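This report concerns only the one structure given below.
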Amino acid sequence: MNIERYDRQTILKEFGMEAQLKLQAAKVLVVGAGGLGVPVLTYLNAMGVGTLGIVDNDMVSLSNLHRQVLYSETDVNKSKVVTAAQKLKEQNSETDIISLETYLTPENALRIIADYDMVIDASDNFPTRYLVNDACVILNKPFVYGALHSFEGQVSVFNFEGGPTYRCLFPEMPKADEVPNCNENGVLGIVPGIIGNFQALEAVKMITGIGEVLNGKLLLFDGLFNSFQKIRFSLNPENSKIKALQDSYDFNCEVSVNSITSDDFLQLLAENEIQLIDVRTPKEFEKNSMSFAKNIPLSQLEERQDEIIFEVPVYLVCQSGVRSKKAVNKLKEARANAELINVDGGMNEILKHAIKY
């Protein structure tokens, strides 16, 4: 370890070389290399955390760059995990960077998380958060939570030293139609940096034993007014008794959704004419869309149903698969006998796999 590199933090009497050595020995898994993951990874890497694992299977897009400041224009369409690992190595060659170019799933979560001291959840969706929580409860690992919305953010620490879990604060997975959509609501670029740095700070405090950890406390940040609130919550012992992961952590929808994978959809498309309804916003549709698709934004779906031919199968697509599931459920209420098919993973997955076809 190059002692000079960390001189400005080891001279802090509350920190010192003992805390630095704890950082060097620590193994931290970061789930997500996007808006929250970038500041988390950048600062933990700079501060000397010995091992950083990165889990993500996304590509860098131009719309990421206003907030994911580790990436540049030349990185667009490249793997986030591969790109991040390369740049982090350039920042600090002493760190052991473990690249895991995959999404966290019920099949791999326990195996991956078992190798680390803690998890930082830098994901952007509820299924991953519940999966991370349950796996950490089973393996008795703490994890740092962060979430974003528009100008606001949240931070907390779960499953730390017998403290509350994520399910103590949010007991049940929301339904798909209850989830805000980031493609429509957006986020101010600097807010992920603020929240991600708070997450990194909580990890450092847990590793080194300094300060007070946000254990049983939810920190709320409002960027428009620079205001903070803390909400206390307690442990429900039942939430610490999880022994096995669920088979699926998909959204809880009252109406079952018939879905098709992007691979199967593209193969079907090569052989058949398909009616495809794209429920994204007009701006998203203009940016990238399939030439034969009809754009009916989710917010206009009910009033524009007469533009859809329900006598043939109706395929619905959005950016990631969340809004298209909502669309299927909305249309099912009015057209119970219609064949409605969600394109799983949306345009994100279609664009990844389109090259095969």
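The values are calculated or read from the model by the stated rules, or taken from the named source; none is laboratory data. Everything numeric here is computed off the predicted structure, so don't read it as measured data. When we count neighbours, we look across all protein chains shown, and the Cβ atoms used for this are built from the backbone with ideal geometry, even at glycine.
Among residues of segment 47-63 that are on the phi > 0 side of the Ramachandran plot, those with a beta-carbon under 7 Å from a residue that is surrounded by fewer than 24 Cβ atoms within 10 Å (Cβ to Cβ) and not hydrophobic (A, V, I, L, M, F, W, C) at least six positions away or on a different chain give the pairs Gly48/Tyr6; Gly48/Gln20; Gly48/Gln24.
Scanning segment 274-284 for residues that are over 20 Å from Ile260 (Cβ atoms) and not in a loop (DSSP other than H, G, I, E, B), we see that the one that is farthest from the chain's Cα centre (by Cα) is Pro282.
Screening segment 60-81 for residues that are buried (at least 17 other Cβ atoms within 10 Å of the Cβ) and touching a Lys or Arg at 6+ places or on another chain (Cβ under 9 Å) and picking the one that is farthest from Leu351 (Cα to Cα) gives Leu70. Filtering Val204, Val213, Val187 for residues that are assigned by TED's automatic domain parsing to the domain that holds Ala19, over 16 Å from Phe158 (Cα atoms) and either of a type outside the set (Asp, Glu) or under 18 Å from the mean Cα position of the chain (by Cα) (or both) leaves a single hit, Val187.
A count restricted to segment 68-121 and to residues that are of a type in the set (Gly, Ala, Ser) and under 27 Å from Asn2 (Cβ atoms) stands at 5.
The residues listed here are Ser320, Ser291, Ser299; of these, the one that is farther than 20 Å from Asn125 by Cα and part of a loop (DSSP other than H, G, I, E, B) is Ser291. Please tell me if Gly32 is within 13 Å of the chain's Cα centre (by Cα) and either outside the structural domain of Ser123 (by TED's automatic domain parsing) or in contact (Cβ under 8 Å) with a residue 12 or more places away in the chain (or both). For Gly32, the condition - within 13 Å of the chain's Cα centre (by Cα) and either outside the structural domain of Ser123 (by TED's automatic domain parsing) or in contact (Cβ under 8 Å) with a residue 12 or more places away in the chain (or both) - is met.
Scan segment 289-306 and give yes if some residue there is buried (at least 19 other Cβ atoms within 10 Å of the Cβ), of a type in the set (A, V, I, L, M) and at pLDDT below 90, otherwise no. Within segment 289-306 (the criterion being buried (at least 19 other Cβ atoms within 10 Å of the Cβ), of a type in the set (A, V, I, L, M) and at pLDDT below 90), the answer is no, since none of the residues qualifies.
If the condition is being buried (at least 24 other Cβ atoms within 10 Å of the Cβ) and either farther than 22 Å from Asn125 by Cβ or of a type in the set (A, V, I, L, M, F, W, C) (or both), then segment 28-44 contributes Val28, Leu29, Val30, Val31, Ala33, Leu36, Val38, Val40, Leu41, Leu44. Can you tell me which residues in segment 152-197 are hydrophobic (A, V, I, L, M, F, W, C), modelled with pLDDT of 95 or more and closer than 28 Å to Arg280 by Cα? Selection gives Ile190, Val191, Ile195.
Only one entry in Leu224, Leu268 is over 23 Å from the mean Cα position of the chain (by Cα) and without any contact (Cβ under 8 Å) to a residue 12 or more places away in the chain, namely Leu268. All conditions in (1) part of a loop (DSSP other than H, G, I, E, B); (2) polar (S, T, N, Q); (3) modelled with pLDDT of 90 or more hold for Asn342, with the sole exception of (1). When Phe126 is tested against (1) surrounded by 16 or more Cβ atoms within 10 Å (Cβ to Cβ); (2) closer than 22 Å to Val213 by Cβ, just one condition goes unmet, and that condition is (2).
Report yes if Glu90 is free of Cβ contacts under 8 Å to residues at least 12 places away in the same chain and more than 23 Å from Lys243 (Cα to Cα), otherwise no.
In short, yes.
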